[in-house]
1. Would you be able to say whether some residue in region 25-42 is polar (S, T, N, Q) and over 10 Å from the mean Cα position of the chain (by Cα)?
2. Considering only residues of region 68-105 that are assigned to a strand (DSSP E or B) and among the β-branched types (Val, Ile, Thr), which is surrounded by the most Cβ atoms within 10 Å (Cβ to Cβ)?
3. Could you list all residues from region 65-101 that are out of contact with any strand residue (DSSP E or B) (no Cβ under 8 Å at 6 or more places or on another chain) and more than 20 Å from Gln45 (Cβ to Cβ)?
4. Would you mention how many residues in region 36-67 are open to solvent by 60 Å² or more (accessible area, probe 1.4 Å), over 21 Å from Val102 (Cβ atoms) and in contact (Cβ under 8 Å) with a residue 24 or more places away in the chain?
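The values are calculated or read from the model by the stated rules, or taken from the named source; none is laboratory data. Computed from a predicted structure; not experimentally measured. Using ideal geometry, Cβ is built from the backbone for each residue, glycine included, and neighbour counts are taken over all protein chains shown. Surface areas here come from the heavy atoms of the whole protein model, side chains and all, with no ligands, DNA or RNA. Shrake-Rupley method; radii C 1.70, N 1.55, O 1.52, S 1.80 Å.
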Amino acid sequence: MSLESTPAAGAAAAATATVQPTLRVEVRYFASIREALGHGSETVQTQAATLGALRAELIARGEPWATALGHGRAVRMALDQTLSGEDAALRTGAEVAFFPPVTGG
């Protein structure tokens, strides 16, 4: 029996086939989010395909990201300096920004 015909080999091949390519994005944090994280920007290697998936990856890091970017918080996102929703597609080299809602006055 060859290795390729074993269930484990088949599962490994299937897992390899579904792995998303790794993207490198520049992430910037503003206002209270920057204060909570203690830094204003970082370069992130991610397999996220969308802004929402990237946010979820960052939240999964635990504290302080979980609190600063948590889904119960009002957080705005921008992709390449354009306000965007969670379904916006990421690309390598993109600039992503997370910031709280702003008010005028």
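1. First, the residues of region 25-42 that are polar (S, T, N, Q): 32, 41.
Keeping just the survivors that are over 10 Å from the mean Cα position of the chain (by Cα) gives 32, 41.
For region 25-42, residues polar (S, T, N, Q) and over 10 Å from the mean Cα position of the chain (by Cα): present.
2. Narrowing region 68-105 to residues assigned to a strand (DSSP E or B): 76-79, 82-84, 89, 95-99.
This time we only want the ones that are among the β-branched types (Val, Ile, Thr), so: 82, 96.
Working: Thr82: 10, Val96: 24.
Per the stated criteria, the residue is Val96.
3. Once the filter is applied, which keeps residues that are out of contact with any strand residue (DSSP E or B) (no Cβ under 8 Å at 6 or more places or on another chain) and more than 20 Å from Gln45 (Cβ to Cβ), region 65-101 yields Thr67, Gly70, His71, Gly72, Arg73, Ala74, Thr82.
4. 2
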